[in-house]
Amino acid sequence: NMTEIEHQEKLRRDFIANVSHELRTPLTIMRGFSEALIDGLVNDTKEIEDAHRLMRDETVRLEGLINELLDLSRLQAPNIPLTLEPIHLAEIIENVASLFDKTCQTKEVHFNTNIEEALPPILGNGDRLTQLLLIFLDNALKYTLKGGTLTLSLNQEGEHQVLSVSDTGSGISPDDLPYIWERFYKSDKSRNRSGSSTGLGLSIAKEIIEKHHAQAEVISTLGIGTTFKIIFPQSH
């Protein structure tokens with residue numbers, strides 16, 4: 001019991017430290033540029049535009065972080081159950097795929113779908129399942145270079161339906177693999193400020209998976225790619 005209490009306390013401390021860091025960085029940038037503009041230290045038109053653009057980008061990043069923190073909090077709240085109903089997972093996949101295909105075309109990444117026909121419904125929440133798919137697809141696209149391939153599959157395996165999201169991206173290090181579901185964990189430290197990632201996506205995905213009484217498996221090889229498999233129980 002003491003070991004578990006100490007573990008939970010460490011998670012709490014780490015979470016507060018990470019939130020503080022993630023909030024402080026955009027606020028520091030916005031304050032620095034706003035003070036430079038107010039004090040007249042930035043006079044060139046292009047530099048003024050760049051300053052405004054950077055402040056806008058950091059505001060968007062901060063807004064995204066706060067929204068994801070609130071979302072994670074709602075998913076973890078024991079008194080807010082997720083409404084589940086019979087739903088065809090194939091339909092959700094097809095809807096998301098039709099939208100995501102354009103995003104892949106822009107990055108010149110091949111996007112394939114492989115959906116088994118006439119699958120029965122599962123118990124699910126359409127909005128959260130859509131969010132789950134987008135988290136995995138966004139992650140996969142982020143680490144897949146031009147000319148690579150993303151594959152979205154759904155098939156029946158016994159009493160379960162298995163959703164797979166595969167990419168031919170950079171892969172995940174074996175050292176990082178056990179920690180990818182943790183809040184704010186970013187396996188590629190060089191990307192911390194280069195994109196919009198907050199490090200909360202897979203934590204949110206984990207909560208959605210658990211709310212659906214599903215299980216997750218991850219298979220990854222550096223330089224070859226990654227496959228996330230979500231195993232949903234069949235609706236009865």
Subject >> Gain on full stretching of the segment that runs from Thr83 to Asp39 - 0.36 nm per residue minus C-alpha separation >> reply: 10.6 nm
Subject >> Within the accessible area of segment 17-60 (1.4 Å probe), percent carbon and sulfur >> reply: 58 percent
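Compute for segment 63-151: radius of gyration divided by Kirkwood radius, i.e. Rg/Rh, restricted to C-alpha atoms, rounded to two decimals.
Values: Rg = 15.3 Å, Rh = 14.9 Å.
Rg/Rh: 1.03.
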Original post:
Who wins for biggest fluctuation among Ser164, Ser153, Ser20 in a Gaussian network model of the chain, springs between alpha carbons below 10 Å?
Top reply: Ser20
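So what's the net charge close to Ile204: Lys and Arg +1, Asp and Glu -1, counting the other residues with Cβ under 14 Å from its Cβ? Write out the running numbers ahead of the final one.
Values: positive: Arg74, Arg128, Arg183, Lys206, Lys211; negative: Glu68, Asp71, Asp127, Asp138, Glu182, Glu207, Glu210.
So the surrounding residues net to -2.
Can you quote the Å³ per residue value for the convex hull of the Cα atoms in segment 1-119, rounded to an integer?
Values: hull volume 26.1 nm³, N = 119.
Spelled out: Cα convex hull of segment 1-119, divided by residues, is 219 Å³.
Please work out the Kirkwood hydrodynamic radius for segment 1-52, using every pair of different C-alpha atoms, and report it in angstroms with one decimal place.
On the way: mean 1/r = 0.0728 Å⁻¹.
Its Kirkwood hydrodynamic radius stands at 13.7 Å.
So what is the accessible area of the chain per residue, in Å², with the probe set to 1.4 Å? Don't skip to the answer; put the middle values down first.
Values: 13910 Å² over 236 residues.
Computed with neighbouring chains in place, this is 59 Å² per residue.
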Original post:
Can you give the FRET efficiency for Val19 and Lys229, using 1/(1 + (r/R0)^6), R0 = 35 Å, r = Cβ-Cβ distance, to the nearest 0.05?
Top reply: 0.70
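A 23 angstrom limit on the alpha carbon distance is what I want to check against. Which of Lys107/Lys206; Lys10/Lys206; Lys142/Lys211; Lys102/Lys142; Lys142/Lys229 exceed it? List each step's numbers first, then the result.
Values: Lys107/Lys206 27 Å; Lys10/Lys206 20 Å; Lys142/Lys211 26 Å; Lys102/Lys142 15 Å; Lys142/Lys229 18 Å.
As for pairs spanning more than 23 Å Cα to Cα, those are Lys107/Lys206; Lys142/Lys211.
Just to be sure I follow: if Rg is taken over the C-alpha atoms of segment 102-153 and Rh is the Kirkwood radius over the same atoms, what is Rg/Rh?
Working: Rg = 12.9 Å, Rh = 12.5 Å.
Ratio of gyration radius to Kirkwood radius for segment 102-153: 1.04.
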**OP:** Please report the Cα spread of the chain along all three principal axes, rounded to whole Å, starting with the longest.
**Re:** 67, 51, 34
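Working from the pairwise distances between different alpha carbons, so that the mean of 1/r is found and then inverted, what is segment 53-105's Kirkwood radius in Å? Numbers along the way, then the final one.
On the way: mean 1/r = 0.0690 Å⁻¹.
Every distinct Cα pair counted, the radius reaches 14.5 Å.
Going through segment 51-84, which GluC sites (Glu not before Pro) have at most 12 other Cβ atoms within 10 Å and a DSSP loop state? Can you show the working numbers first?
Numbers: sites: Glu58, Glu63, Glu68; in loops: none.
Nothing satisfies the criteria.
Which value, in debye to the nearest 20, describes the size of the charge dipole of segment 1-139 about its Cα centre when Lys and Arg Cβ atoms bear +1, Asp and Glu Cβ atoms bear -1, and nothing else is charged? Before the final figure, lay out the partial values.
On the way: 13 positive and 25 negative charges, 66 e Å.
Computed about the Cα centre, the dipole is about 320 debye.
The values are calculated or read from the model by the stated rules, or taken from the named source; none is laboratory data. Computed from a predicted model, the values in this text were never measured in an experiment. Heads up, the Cβs are rebuilt from the backbone with ideal geometry, glycines too, and the neighbour counts pull from every protein chain shown. The area values use the complete protein model at the heavy-atom level, side chains included, leaving out ligands, DNA and RNA. Shrake-Rupley method; radii C 1.70, N 1.55, O 1.52, S 1.80 Å.
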